[in-house]
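The values are calculated or read from the model by the stated rules, or taken from the named source; none is laboratory data. Not measured: the values here are computed from a predicted model. Cβ placement follows ideal geometry from the backbone for every residue including glycine, while neighbour counts extend to all protein chains displayed.
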Amino acid sequence: MLKSQTSKRIKDYLAEDITLGKSISPTDYDENGEQYYVSMADIKNWCFEEEEAKTVSQSYFDATPNKRIAINDIIMARSGEGTIGKVAIIDNEENEAVYADFTMRIRLKDYNPIFAYYYFRTDFFQYLVYTHKKGLGNNTNIFPSQVRELPIPEISLAEQEKIVNAIKSETDMQREFDKKIKEKKEEINRLIYDAIN
């Protein structure tokens, strides 16, 4: 088990404290806004889905400078069965956003944030979240004070980069397979459509 193989905890690599996001009221949303509100729903698929995210007013955004996202931030859902522990890495400098109160922001130093993101997605880490969460039913939470104490692999930055590159290579191959499957499905649909028309 990782706890017996490393003495390092997430807190050992934090650039700053893990912080909870900002709450919002309905009047703070702005359909014409240019900045996003990153909610748990927007990271449920392990990435920030800006297409689904709501936008906020400029005044709300300006009033929350310490609750904004930056490149390589990791946003973690802190509440709710099926969502708790899910993470997204901010990989686009173009996205200006405030992260929601039911999420937390993790900023790392001296640790590859992409490697950390992949680690946070592992069954092992998700099991740690599951065993450390508090509450009952769908009203469960995990807090920054708990997350910061969870173990993290003690691996050199060079080795982290090597692992990240291997994972990216595998996911690129998977995307190619997915693309081919989609093309074949479209071809099958065309054949069936032509046959019935």
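State whether one or more residues within the stretch 41-59 are crowded, with 16+ Cβ neighbours inside 10 Å, within 22 Å of TYR130 (Cα to Cα) and of a type in the set (Lys, Arg).
Within the stretch 41-59, one or more residues are crowded, with 16+ Cβ neighbours inside 10 Å, within 22 Å of TYR130 (Cα to Cα) and of a type in the set (Lys, Arg).
Collect the residues in the stretch 101-132 that are touching a residue at least 40 places away in the same chain (Cβ under 8 Å) and over 22 Å from CYS47 (Cβ atoms), keeping them in residue-number order.
If the condition is that a residue be touching a residue at least 40 places away in the same chain (Cβ under 8 Å) and over 22 Å from CYS47 (Cβ atoms), then LYS109, ASP110 are the ones that fit.
Which one is nearest to ARG121 (Cα to Cα) among residues in the stretch 135-188 that are of a type in the set (Lys, Arg) and touching a helix residue (DSSP H, G or I) at 6+ places or on another chain (Cβ under 9 Å)?
LYS168
This table checks each residue for (1) touching a strand residue (DSSP E or B) at 6+ places or on another chain (Cβ under 6 Å); (2) more than 16 Å from ARG78 (Cβ to Cβ); (3) in contact (Cβ under 8 Å) with a residue 60 or more places away in the chain.
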site	(1), (2), (3)
TYR13	yes, yes, yes
GLU16	no, yes, yes
SER25	no, yes, no
ALA41	no, no, no
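Taking ARG175 as meeting all but one of (1) assigned to a helix (DSSP H, G or I); (2) under 20 Å from the mean Cα position of the chain (by Cα); (3) at pLDDT 95 or above, write down the number of the exception.
(3)
So which of LEU191, LEU136 ends up being more than 21 Å from the chain's Cα centre (by Cα), surrounded by fewer than 12 Cβ atoms within 10 Å (Cβ to Cβ), without any contact (Cβ under 8 Å) to a residue 60 or more places away in the chain and in the same structural domain as ILE75 (by TED's automatic domain parsing)?
Within the list LEU191, LEU136, the selection yields LEU136.
Of all residues in the stretch 166-197, count the ones that are closer than 30 Å to PHE115 by Cα and small (Gly, Ala, Ser).
Looking only at that region, the number is 2.
Looking at ASP12, ASP62, ASP28, ASP101, can you tell me which residue is of a type in the set (Asp, Glu) and touching a Gly at 6+ places or on another chain (Cβ under 7 Å)?
ASP101
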